[in-house]
Amino acid sequence: MYERIRILRRKFTLTQKQLAAALSCSQQVYSNYELGQRDIPTDILIKLSSFYGVSVDYILGISDDPNVR
């Protein structure tokens, strides 16, 4: 899951700081999500899913199809 959010962020050519601002958290907190040093809360998973237009299952690694909802 942590690598997927990093890949998605890079695909959208965003910095951690930009994405953290969109999620209303600090860059350090977001960095910890990507590094797997902090669990990603459910509300943040939902925000990421909506932001990127992919399913939560895709972010979690349950599905390889980003469009399955």
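What follows is calculated from the coordinates using simple rules that are stated; it is not laboratory data. Just so we're clear, the structure is a prediction, and the values are computed from it rather than from any experiment. FYI the Cβ positions are ideal-geometry reconstructions off the backbone, even for glycines, and counts take in every protein chain you see.
Would you kindly state how much longer the chain becomes between residue 63 and residue 50 on full extension, computed as 0.36 nm times their sequence separation minus their alpha carbon distance, in nm to one decimal? Answer, rounded to one decimal: 3.1 nm.
Where only DSSP H runs of four or more residues are counted, the chain gives -17500 deg cm²/dmol as its mean residue ellipticity at 222 nm, each run worth -39500 (n - 2.57). Mean sequence separation of contacting Cα pairs (under 8 Å, at least six apart), scaled by the length of the chain, corresponds to a relative contact order of 26 percent.
Extension gain, residue 18-residue 32: 0.36 nm per intervening residue step, less the Cα-Cα distance, totals 3.6 nm. Restricting the calculation to Cα atoms, the chain yields a radius of gyration followed by a Dmax of 10.9, 30 Å. Note on residue 3 and residue 25: with the Förster distance fixed at 22 Å, the Cβ-Cβ geometry gives a FRET efficiency of about 0.70.
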